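**Student:** Okay, here's the structure, questions in a sec.
Coordinate-derived values only; no laboratory data. The structure presented is a predicted model; accordingly, all values stated were derived computationally and were not measured. Note that each Cβ is placed from the backbone with ideal geometry, even for glycine, and that neighbours are counted across all protein chains shown.
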Amino acid sequence: MATTWDRFHKAALALVGAGTVKQRLAMAYRRYLYDVDPDMLPREVRSDFQALTSKLTSARAVGGLGVVEATVRKMSDSEATRCAERILEMFYMLESPSQALRPHGLRAVSGQS
């Protein structure tokens, strides 16, 4: 099972892939973030993620398009770009698993050998 960090990492990679910004945004959100439980996110990210989810799922599915695709289709390119940037910012705010293993803070070092 993928961790929340893994999902955001994959979404970030999808956002820099091929296609228009709208295509990349819809695919990244639908494939990797659609079913992320906001309660599993750090408080600093949670409300932003909930706002993004509301923004990306506001339209009804129509004409063979899912909710996310129908919503993104109605957005301007600049709106879609802002949503993609928000995903990248949230990913940046999540601590990577490798960072969690590193000690945090400063370490005192004596001048003696």
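**Student:** Can you work out ³J(HN,Hα) from phi for every residue in the stretch 36-49, in order, using Karplus 6.51 cos²θ - 1.76 cosθ + 1.60 and θ = phi - 60°, giving whole Hz and x for Gly and Pro?
**Tutor:** 5, 7, x, 5, 8, 8, x, 3, 5, 10, 3, 5, 5, 5
**Student:** Shifting gears a bit: Name all residues of the stretch 77-92 having a backbone nitrogen under 11 Å from the label point set 7 Å from the Cα of Ala61 along its Cα→Cβ direction, giving them as ranges.
**Tutor:** Nothing falls inside the zone, counting backbone N under 11 Å.
**Student:** Assigning unit charges at the beta carbon (Lys, Arg +1; Asp, Glu -1) and nothing else, what dipole magnitude in debye, to the nearest 20, does the stretch 4-93 show about its Cα centre?
**Tutor:** Dipole about the Cα centre, nearest 20: 300 debye.
**Student:** A further question on this structure: According to a simple spin-label model (label point 7 Å from Cα along Cα-to-Cβ), what is the distance in nm between Thr81 and Met40?
**Tutor:** Here the answer is 3.2 nm between the modelled labels.
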